[in-house]
Amino acid sequence: MLIFRWIVLLLLVSGLLCFAMYIGTRDAAWRQRGLLIVKWTVIAALGFFAVLLLERMAMVL
(Lines give C-alpha, C1' and ligand atoms only; values in the text may rest on other atoms or scores of the structure.)
Protein backbone atom coordinates (compact mmCIF):
# COMPACT_ATOMS: atom_id res chain seq x y z
CA MET A 1 0.00 0.00 0.00
CA LEU A 2 2.78 2.40 0.91
CA ILE A 3 4.67 1.59 -2.28
CA PHE A 4 1.58 2.31 -4.39
CA ARG A 5 1.11 5.68 -2.70
CA TRP A 6 4.73 6.62 -3.40
CA ILE A 7 4.44 5.55 -7.03
CA VAL A 8 1.28 7.64 -7.52
CA LEU A 9 2.89 10.62 -5.80
CA LEU A 10 6.01 10.37 -7.96
CA LEU A 11 3.96 10.03 -11.14
CA LEU A 12 1.92 13.12 -10.27
CA VAL A 13 5.10 15.07 -9.50
CA SER A 14 6.60 13.98 -12.82
CA GLY A 15 3.44 15.17 -14.57
CA LEU A 16 3.76 18.54 -12.86
CA LEU A 17 7.41 18.74 -13.90
CA CYS A 18 6.39 18.08 -17.49
CA PHE A 19 3.90 20.96 -17.27
CA ALA A 20 6.64 23.18 -15.81
CA MET A 21 8.89 22.28 -18.75
CA TYR A 22 6.02 23.14 -21.10
CA ILE A 23 5.65 26.55 -19.48
CA GLY A 24 9.39 27.13 -19.70
CA THR A 25 9.95 25.94 -23.26
CA ARG A 26 6.51 26.29 -24.89
CA ASP A 27 7.14 22.91 -26.53
CA ALA A 28 3.79 21.11 -26.94
CA ALA A 29 5.45 17.72 -26.52
CA TRP A 30 5.99 18.42 -22.79
CA ARG A 31 2.31 19.28 -22.35
CA GLN A 32 1.23 16.06 -24.05
CA ARG A 33 3.62 14.00 -21.91
CA GLY A 34 2.29 15.64 -18.76
CA LEU A 35 -1.33 15.00 -19.74
CA LEU A 36 -0.55 11.39 -20.59
CA ILE A 37 1.21 10.76 -17.27
CA VAL A 38 -1.56 12.37 -15.23
CA LYS A 39 -4.30 10.59 -17.18
CA TRP A 40 -2.84 7.11 -16.69
CA THR A 41 -2.00 7.85 -13.07
CA VAL A 42 -5.62 8.76 -12.35
CA ILE A 43 -6.89 5.68 -14.21
CA ALA A 44 -4.51 3.42 -12.28
CA ALA A 45 -5.49 5.01 -8.96
CA LEU A 46 -9.20 4.56 -9.70
CA GLY A 47 -8.59 0.91 -10.58
CA PHE A 48 -6.62 0.38 -7.38
CA PHE A 49 -9.34 1.89 -5.22
CA ALA A 50 -11.99 -0.14 -7.05
CA VAL A 51 -10.08 -3.31 -6.15
CA LEU A 52 -9.86 -2.18 -2.51
CA LEU A 53 -13.60 -1.52 -2.46
CA LEU A 54 -14.37 -4.93 -3.96
CA GLU A 55 -12.13 -6.62 -1.37
CA ARG A 56 -13.98 -4.91 1.47
CA MET A 57 -17.34 -5.82 -0.03
CA ALA A 58 -16.23 -9.45 -0.31
CA MET A 59 -15.33 -9.48 3.39
CA VAL A 60 -18.78 -8.20 4.33
CA LEU A 61 -20.56 -10.84 2.28
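Here are some residues: Leu61, Leu2. Which one is under 19 Å from the mean Cα position of the chain (by Cα) and surrounded by fewer than 10 Cβ atoms within 10 Å (Cβ to Cβ)?
Just a single option satisfies the conditions, and that option is Leu2.
Out of all the residues in region 38-48, which are surrounded by 11 or more Cβ atoms within 10 Å (Cβ to Cβ), without any contact (Cβ under 8 Å) to a residue 40 or more places away in the chain and not basic (Lys, Arg)?
Val38, Trp40, Thr41, Val42, Ala44, Ala45
Listed residues Leu52, Leu12, Leu35; which is surrounded by 10 or more Cβ atoms within 10 Å (Cβ to Cβ) and modelled with pLDDT of 95 or more?
Among Leu52, Leu12, Leu35, only Leu35 is surrounded by 10 or more Cβ atoms within 10 Å (Cβ to Cβ) and modelled with pLDDT of 95 or more.
The values are calculated or read from the model by the stated rules, or taken from the named source; none is laboratory data. Because the structure is predicted, anything quoted here is derived from the model rather than measured. Heads up, the Cβs are rebuilt from the backbone with ideal geometry, glycines too, and the neighbour counts pull from every protein chain shown.
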